[in-house]
Amino acid sequence: VRSTNADFFLLSGCGGSSDQAVNPGTASGGAAQASAAKPGGLRFIFVTNSNADWWNAMEKGMQDAAAEFDVKAEMRRNEQQSQGQIRLLEDALSLDDVSGVAVSVFEAESPGIADALKRLKEAGKVVITVDSDIAANAVDARSAYIGTFNVKAGEAAGKAAAALRPDGGKTAVFVGT
């Protein structure tokens, strides 16, 4: 939530018990693209882990929220490659008017992705991971993670499947990547 004087905004998400106030005041203004944020406005980039249709709903919600909060937000889709995601993150770093970057990490253990996230954070941009997090040894590369604890979610799905088929049977599970 953005305050009326834009001193901070509040990150809140699933799977955690605390909210985190972040000061975007260190991000500088500028325009690197025809549809850049208005002067003094906030601009955010979301980098996906793939180009799956699943992201269409996320992008629609992101655009609706951007209009509601009067900010600029854009989604940049990765093609399921660590190098592609690193390139998109480096591109966000080169844009002076970007206040924050959200990323659904393609490969949690990729040092290149962790390094790119650290450079964004060091440049004063708010960095969060969404849906897929960075490796546990690199969590300092981001300010927050919004997503599901997949181990617990898998346990819950297994219990639900067992309850639906108490006598056993075949089950299939699908993921996006």
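Under 7 Å between Cβ atoms, at least 6 apart or on separate chains: pull out the pairs that start in the range 72-94 with a residue that is under 18 Å from residue 107 (Cβ atoms) and touching a residue at least 60 places away in the same chain (Cβ under 8 Å) and end on any residue that is open to solvent by 20 Å² or more (accessible area, probe 1.4 Å) and part of a loop (DSSP other than H, G, I, E, B).
Here the result reads 80/106; 80/177, each pair linking the range 72-94 to a residue that is open to solvent by 20 Å² or more (accessible area, probe 1.4 Å) and part of a loop (DSSP other than H, G, I, E, B).
Can you pull out the residues in the range 137-150 that are among the hydroxyl-bearing types (Ser, Thr, Tyr) and either modelled with pLDDT of 90 or more or open to solvent by less than 60 Å² (accessible area, probe 1.4 Å) (or both)?
143, 145, listed by residue number.
Which residue pairs have Cβ atoms closer than 7 Å, lie 6 or more positions apart in sequence or on different chains, and pair a first residue in the range 98-121 that is hydroxyl-bearing (Ser, Thr, Tyr) and open to solvent by less than 20 Å² (accessible area, probe 1.4 Å) with a second residue that is in a helix (DSSP H, G or I) and modelled with pLDDT under 95?
99/24; 110/82
Mind counting the residues in the range 66-95 that are acidic (Asp, Glu), within 14 Å of residue 44 (Cβ to Cβ) and part of a loop (DSSP other than H, G, I, E, B)?
Matching residues across the range 66-95 total 1.
Only one of 153, 172, 163, 157 is in a loop (DSSP other than H, G, I, E, B) and open to solvent by 20 Å² or more (accessible area, probe 1.4 Å). Can you tell me which?
Testing whether each residue is in a loop (DSSP other than H, G, I, E, B) and open to solvent by 20 Å² or more (accessible area, probe 1.4 Å) leaves just 172.
Residues checked against (1) under 16 Å from the mean Cα position of the chain (by Cα); (2) of a type outside the set (A, V, I, L, M); (3) closer than 16 Å to residue 125 by Cβ:
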site	(1), (2), (3)
51	yes, yes, no
54	yes, yes, no
58	yes, no, no
65	yes, no, no
70	no, yes, no
78	yes, yes, no
93	yes, no, yes
102	yes, no, yes
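Which of the numbered conditions does residue 134 fail, given that it passes all the others? Conditions: (1) more than 30 Å from residue 88 (Cβ to Cβ); (2) assigned to a loop (DSSP other than H, G, I, E, B); (3) open to solvent by less than 40 Å² (accessible area, probe 1.4 Å).
So residue 134 meets the others, but not (1).
So for the range 51-60 (the condition being over 18 Å from residue 175 (Cβ atoms) and either of a type outside the set (Lys, Arg) or surrounded by 18 or more Cβ atoms within 10 Å (Cβ to Cβ) (or both)), does at least one residue qualify?
Yes, that holds for at least one residue.
The values are calculated or read from the model by the stated rules, or taken from the named source; none is laboratory data. None of the values given here were measured: they were computed from a predicted structure. Here Cβ is always computed from backbone atoms with ideal geometry, including for glycine, and neighbour counts include all displayed protein chains. Surface areas here come from the heavy atoms of the whole protein model, side chains and all, with no ligands, DNA or RNA. Shrake-Rupley method; radii C 1.70, N 1.55, O 1.52, S 1.80 Å.
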